[in-house]
Amino acid sequence: MEKYQKQQQFLVSSVSELTNSSSSLFSKTEPVFARFILESGSPELRFGQGNESSNAVVFNVKISQLFKLGPAESLCVSEAAEANKEKSYSRGISIQFRNEEESRAFHCAFEQWKKEVVVQECPLINGAVSTSKSKFDDKIEASSAKMYFHYYGQLLHQQNMLQDFVRTGTYYSAVIENRADFLGRVVVDVGAGSGILSLFAAQAGAKHVYAIEASEMADYARQLIAGNPSLNDRITVIKGKVEDVELPEKADILISEPMGTLLVNERMLESYVIARDRFLVQNGKMFPGVGRIHMAPFSDEYLYMEIANKATFWQQQNYFGVDLTPLHGSAYQGYFSQPVVDAFDSRLLVAPAISHVINFSTVKEEDLYEIDVPLRFLSTVSTRIHGLACWFDVLFNGSTVQRWLTTAPGAPTTHWYQLRCVLPQPLYVMPGQEITGRLHLVAHKAQSYTIYLTLSALVGDMLQTSSVKLDLKEPYYRMSQPQAYSAAPDQHPNQLLQSDMQVPSRDDDGSILMQPPSPNELHSL
C-alpha cells in the first residue's frame, strides 16, 4: 500500500437525509465537500465541511450504491446485512450538485473507485490485472503488461521523460499556442502518466480534463494535480485502461504521448486510436494528429564491425577444452537481430529519406497490426550500405499554430534517439544506383513488433540481397559509443533527411495533408 493517502474531492451544493430531504445535514454558510479517500486499504466516501471529520457522513464505497435522481441530484445508499436473500440498506442520503456536469463527473469517479477496490482485492494471477479479460488483455501478454505498467508507474522513469525538454517543451508550446482549441473544451489525456499534459490542457483553458492512466502513476498524478489548486478542480484522474473505462461525456480533443521507439513500439498508438473511437466527438482534434516514420539507407563501417566483433567470442576452438564454434552462426545472427538505438550523424545517410505516414484521425486499429513499407532509394555515393536508418516525427495540427516534434538526426536529441537496422551482409552501391526492398513490421503480444528488413541492389548482372529479422522489443542501446564519420566535408548534415522537402505529403484522396519541416525548422523545434 502507498505511503501517502489517496484522495479525490468534489464540491456539492447540499447533502440531506433521505428521510428528510428538505433538511440539509450541514450548515449552508460553508461549502460541503464529498471526498473519496483510500486510507489503510479501505476506500471511503466522506461528506463534510472544511477539514473536520468529527461530523462527517461516511460511506464504505465497496458496499454503497449511487443512483441518479435527476440531472443534478443523486441518491447514495449503504448496504446492510442481507435478510432473506434480499438486500437492505442502513442509510441513504440525497446529494444535490451545482450542475449536471459536476454530477456526471462525480458518478464517473464513484465507479472508478469501486473498480479500484475490485482490482486490489483480487490476487494477481500470472500478471493479470483483473479477473475478466478486456480487448487489451486479449492482445497483450499478461507478463508484458505487468512489466510495462510497473515501468511507467515509477517516478524516476516519468522524470526521464519530463526532463526531455524537446518532448515536454514541444507539447507545452503546441497546447499553449493553440489555446483556441482547448478553451472551454472537454479533453481526454490518454495514458496521462504524471498528468503533465492534463495540466497543460487546463492551463490552456480546458473546461474539464479526464486523465486516464492504467499504472500506479495515476495515484501520483492525483497528488501532483491536487498540489496545483488553480487547476485541479478541472481535472479528473481515472485509473484504468482506455479499453475499459467509461466517461460521463464525449471529448472535444484528445491529447497523448503514445510514441515509442520507431513511433510504434509499445503499441500504445492502438490505445490512442481506440480512445479516439470511444471518446472523441466527430471531427474532434487529436494532439498529435499525424505521425511519420522516415527511412534511409546508411553506411557505418564502425558500427557494423562493432556488432560483428561481438560474436568473435564464439569462434574459440579451445575454450577450456571446448569448441565454441558450433554456436558462432547463431550468436552472429543474434547480435544483428537487435535494432541499434543511438544518435547518429546524418552524413552517414547515403540516399534521400522516404516516409510512411500514419494519420491518427483516420487509421484503423487493425492497420497497426502489420505495417508494410516498400523501399526505393537512389544512392548518392559509392559505398557499402550497412542497413536502414529510421526516425519519426509527429504533427500537432492546431488551429492557430502547427507544431512539429521530430527525432531526426541533426535535430536536438530526444529520449527516443534514432533507430538503425543493421544488415548482417552489407551491399555495395554506386552513385545513382537504385536500392529497393521492404520494411515489414508485425505486431506481437509483448507490446512491440518483429521487423523484417530486405534491401537489394543490382551490380552488373548480379543482384545483391541482404535480409535481417529484428525484435523491436530488444534493442541495443548505444548512446555512449564513439562515432566515426566518413562523409565528404562539403556535405550538409541535413541534405539527405527528406526527399520531399519542397513537396507537401498527400493523403489517400490526394488532398494536402501537411507541409514537412524544412532543415532549418528541424533545428528550431
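Every read-out reported here was derived from the displayed coordinates using simple, explicitly stated rules and does not represent laboratory data. Bear in mind that the values here come from a model prediction, so they are computed numbers and not experimental data. FYI the Cβ positions are ideal-geometry reconstructions off the backbone, even for glycines, and counts take in every protein chain you see.
Compute the length gained on full extension between Ser467 and Glu246: take 0.36 nm times their separation in residues and subtract their Cα-Cα distance, giving the result in nm to one decimal. Separation in residues times 0.36 nm, less the Cα-Cα distance, equals 75.0 nm.
Working from label points 7 Å from Cα in the Cα-to-Cβ sense, the Asp233 to Asn283 distance is 3.3 nm. Converting phi to 3J(HN,Hα) with the Karplus coefficients 6.51, -1.76 and 1.60 and the offset θ = phi - 60°, segment 249-258 yields 7, 7, 9, 7, 8, 9, 10, 6, 10, x Hz in sequence order, with x at every glycine or proline. Per-residue packing, averaged as other Cβ atoms within 10 Å, sorts the ranges 141-150, 444-453 into the order 444-453, 141-150, beginning with the highest.
Would you work out if segment 193-254 is rounded, prolate or oblate? Take a ≥ b ≥ c from the square roots of the eigenvalues of the alpha-carbon gyration tensor; rounded if a/c is under 1.5, else prolate when a/b is larger than b/c, oblate otherwise. Oblate shape, in that a/c is at least 1.5 and b/c is the bigger or equal ratio.
Here r is the Cβ-Cβ distance between Val58 and His415 and R0 is 41 Å; the resulting FRET efficiency, rounded to 0.05, is 0.35.
The calculated FRET efficiency for the pair Val459 and Leu183, based on their C-beta separation and a Förster distance of 56 Å, comes to about 0.40. The modelled label-to-label distance for the pair Leu162/Arg376, using points 7 Å beyond Cα in the direction of Cβ, is 4.8 nm.
Projecting label points 7 angstrom from Cα along Cα→Cβ for Ala226 and Arg438 puts them 5.5 nm apart. For segment 238-269 versus segment 374-452, the inter-centroid distance based on Cα atoms is 25 Å. Each peptide in 215-224, 362-371, 390-399, 434-443 gets a packing score, the mean of other Cβ atoms within 10 Å over its residues, and the list from highest to lowest is 390-399, 215-224, 434-443, 362-371.
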